[in-house]
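Derivation of every value follows stated rules applied to the coordinates shown; laboratory data play no part. These numbers were taken from a predicted model, which means no experiment stands behind them. Every residue, glycine among them, receives a Cβ derived from its backbone with ideal geometry; neighbour counts consider all protein chains shown.
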Amino acid sequence: MSREMYNEIDLAKININVEPPTEEPGRQYYFMAKCCKWVKDFEQKNGRRPTACVTTFGCQMNARDSEKLAGILEKAGYQLIDNEKADFVIFNTCTVRDNANQRVYGRLGELGGHKRRNPGMKIALCGCMMQEPEVIEKLRKSYSFVDLVFGTHNIYKFAELLYASHEAEGMVVDIWKDTDKIVEDLPAERKYPFKSGINIMFGCNNFCSYCIVPYVRGRERSRKPEDILEEIRRLVADGVVEVMLLGQNVNSYGKNLDNPITFAQLLREVEKIDGLKRIRFMTSHPKDLSDELIEVMAQSEKICRHLHLPLQSGSTRILERMNRRYTKEQFLELAQRIRDRIPDIAITTDIIVGFPGETPEDLEETIDVVRRVKFDNAFTFIYSKRTGTPAAAMEDQVPKEQVKQGFDRLLKTVQDTARSQVAKYEGRVMEALIEEITEKGNSVEKSQPTENGEVMEKEHSGGESVSMVTGRLSNNTIVHVPGDASLIGKTVKVSLDECHGFYYIGHCV
Ligand code: SAH
Ligand code: SF4
Ligand code: F3S
């Protein structure tokens with residue numbers, strides 16, 4: 001793991017015997033210093049540092065938040081481990097679909113077991129699921145062994161809450177309904193030394209009728225461009241070569257700033273940062289994707305040849321009920337415009353099957369769009385009813401059997417187009433950023449994701465005996481090449497020798 005440079009603040013110089021400061025992030029550094037003292041006392045008593053484990057559910061935004069949680073724990077002196085038998089375990093939760101919640105409850109049950117064996121253990125929960133009042137009620141009733149609960153809006157207060165839970169008996173709960181605050185310059189502990197996510201905005205104003213995100217993440221707020229650029233410069237100075245700019249709808253970035261700026265203008269500024277090699281972003285809402293953005297992408301040396309453009313449905317009637325604010329024809333026309341201007345771009349998407357009122361004819365429209373756009377990959381989801389969203393109140397929920405049949409049919413089409421799109425580059429030489437050692441000589445097949453952006457890597461026995469490394473092309477396709485750990489974080493030219501469905505086996509040239 002690699003450390004970012006906000007960690008330069010010396011906690012030992014903070015006087016913890018006075019009242020805490022009121023301004024941020026100074027207040028949080030004060031509480032980190034308090035936690036540090038607690039950790040030292042623990043170490044004296046037990047002859048070892050306390051261990052901590054951060055587990056992430058959900059999307060890349062949650063993954064980035066988890067890096068901030070880990071940064072604070074690390075700064076306070078905890079030893080970060082990958083094991084839920086740690087002294088402090090925190091789940092950063094997701095609630096976008098019901099199965100995300102069910103996984104959290106399941107894993108929480110297991111944690112309860114660990115805590116019975118290690119009563120000193122502390123369990124914390126945060127993230128999107130905690131913004132739902134029914135969840136908090138259920139935790140109080142059935143999971144009273146949880147020590148600390150907080151939400152998405154006050155995550156920056158983690159150090160203060162961690163300290164409060166050291167002091168308190170019983171469950172500490174702090175949930176805010178909303179916020180307009182953005183706190184900058186807290187520590188973070190990156191998962192990869194060479195790449196990083198960067199939040200450019202928080203929240204969402206779109207209210208797609210099926211989606212809970214606007215309710216649990218609040219209204220859209222953009223960070224100032226200078227703060228974003230400064231964070232990226234620091235990351236680059238710390239070894240980062242690829243950034244992923246994160247927001248629920250990056251195409252509306254900057255509209256509400258005091259000095260408004262477009263997402264395309266922000267990208268132009270990011271491009272100028274020396275030492276940065278690759279720029280990615282997600283997610284793009286089709287209704288807000290501008291010609292200016294297409295032009296900036298086409299001219300850019302650094303922006304990757306990949307656009308994630310969620311379709312959700314190919315039926316104009318369903319799109320309207322979803323409140324997506326584009327039609328089938330508008331989506332097709334947009335995809336064509338992008339492919340015309342940037343011919344080697346990979347377009348990936350998200351699709352929901354079984355939205356209330358969806359008929360087999362509506363699904364045919366979706367399949368038609370998949371065939372015509374030829375998505376390079378698509379994450380397909382079964383509609384999940386989310387309490388409080390407009391779609392949950394729609395009466396014509398689709399029968400399970402119909403949803404399952406439709407889902408299978410769609411998945412097959414998606415896999416066919418994805419395979420032929422990926423295979424287009426066989427024999428070509430392209431640049432790959434090497435990310436990791438390929439697990440035990442096995443190839444890894446990129447398969448369907450469990451949550452948006454969280455791709456489940458399916459093992460596929462390749463039987464190679466040489467050491468292999470896994471790289472990613474600009475268009476997001478995975479390639480495995482012979483090599484060792486010294487290549488990790490480097491960009492190399494690779495020959496794409498054999499296409500294996502969704503990935504390549506190749507060699508460095
Ligand atoms: N802001 C992003 C998506 C965030 S949620 C966007 O607008 O594209 C990630 C994906 O989860 C969505 O694209 C959608 O396909 C899926 N999703 C969201 N709510 C869902 C629900 N209630 N049931 C099934 N899938 C859902
Ligand atoms: Fe949800 Fe729509 Fe916002 Fe995406 S744009 S987070 S799908 S409401
Ligand atoms: Fe899940 Fe929250 Fe992301 S609901 S998908 S973790 S914004």
- Does T387 meet the test of being part of a helix (DSSP H, G or I) and under 26 Å from the mean Cα position of the chain (by Cα)? no
- Message: Can you list the helices (runs of 4 or more DSSP H) lying wholly within the range 56-171 that have 3 or more residues being out of contact with any Gly (no Cβ under 7 Å at 6 or more places or on another chain) and over 26 Å from P214 (Cβ atoms)?
- Response: 60-76, 98-117, 158-167
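Condition test on C126, is it within 16 Å of ligand 1 (Cβ to nearest atom) and under 19 Å from K68 (Cα atoms)? Break it down into steps so the answer makes sense when it comes.
On the way: within 16 Å of ligand 1 (Cβ to nearest atom): no; under 19 Å from K68 (Cα atoms): yes.
No, not satisfied.
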- Query: So which pairs qualify, if the first residue must be in the range 58-74 and within 14 Å of ligand 3 (Cβ to nearest atom), the second must be β-branched (V, I, T) and assigned to a helix (DSSP H, G or I), the Cβ gap must be under 7 Å, and the two must be at least 6 apart or on different chains?
  - Reply: D65/I155
- Does the range 349-356 contain any residue that is free of Cβ contacts under 8 Å to residues at least 60 places away in the same chain and either more than 24 Å from the chain's Cα centre (by Cα) or over 19 Å from D416 (Cβ atoms) (or both)? yes
- Expected output for the range 273-302 (first residue farther than 19 Å from I232 by Cβ, partner within 16 Å of ligand 2 (Cβ to nearest atom) and assigned to a loop (DSSP other than H, G, I, E, B), Cβ below 6 Å, 6+ apart or cross-chain) is S284/L309; H285/N249; P286/L309; P286/Y326; K287/R325; K287/Y326
- Message: So for the range 235-245 (the condition being within 16 Å of ligand 3 (Cβ to nearest atom) and within 24 Å of T349 (Cα to Cα)), does at least one residue qualify?
- Response: yes
- Scan the range 159-178 and give yes if some residue there is within 16 Å of ligand 3 (Cβ to nearest atom), in contact with a Lys or Arg (Cβ under 8 Å, 6 or more places away or on another chain) and under 19 Å from Y30 (Cα atoms), otherwise no. no
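Filter the range 237-266 down to residues that are in a loop (DSSP other than H, G, I, E, B) and either within 15 Å of S300 (Cβ to Cβ) or over 14 Å from the mean Cα position of the chain (by Cα) (or both), then give me how many there are.
Within the range 237-266, the subset in a loop (DSSP other than H, G, I, E, B) is 238-241, 247-249, 253-262.
Then keep just the ones that are either within 15 Å of S300 (Cβ to Cβ) or over 14 Å from the mean Cα position of the chain (by Cα) (or both); that gives 238-241, 253-262.
Residues meeting the conditions: 14.
Let's see how each residue does on (1) over 22 Å from A423 (Cα atoms); (2) in contact with a Gly (Cβ under 8 Å, 6 or more places away or on another chain):
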position	(1), (2)
R337	yes, no
R341	no, no
L363	yes, yes
F375	no, no
T380	no, no
Y383	yes, yes
A393	yes, no
V398	yes, yes
E401	yes, no
- Item | Selection status of N199, over 25 Å from T380 (Cβ atoms), within 16 Å of ligand 2 (Cβ to nearest atom) and surrounded by fewer than 17 Cβ atoms within 10 Å (Cβ to Cβ) | no
- Which pairs do you get when a residue that is free of Cβ contacts under 8 Å to residues at least 60 places away in the same chain, found in the range 392-405, comes within reach of a residue that is among the aliphatic types (A, V, I, L, M), reach meaning Cβ atoms under 7 angstrom, with the pair 6+ apart or on two chains? V403/V353; V403/I382
- Task: Give me a count of the residues in the range 364-389 that are surrounded by fewer than 18 Cβ atoms within 10 Å (Cβ to Cβ) and either in contact with a strand residue (DSSP E or B) (Cβ under 7 Å, 6 or more places away or on another chain) or basic (K, R) (or both).
- Result: 5
- With respect to the numbered conditions (1) out of contact with any Phe, Trp or Tyr (no Cβ under 8 Å at 6 or more places or on another chain); (2) under 27 Å from L433 (Cβ atoms), which one is the sole condition not fulfilled by V213? (2)
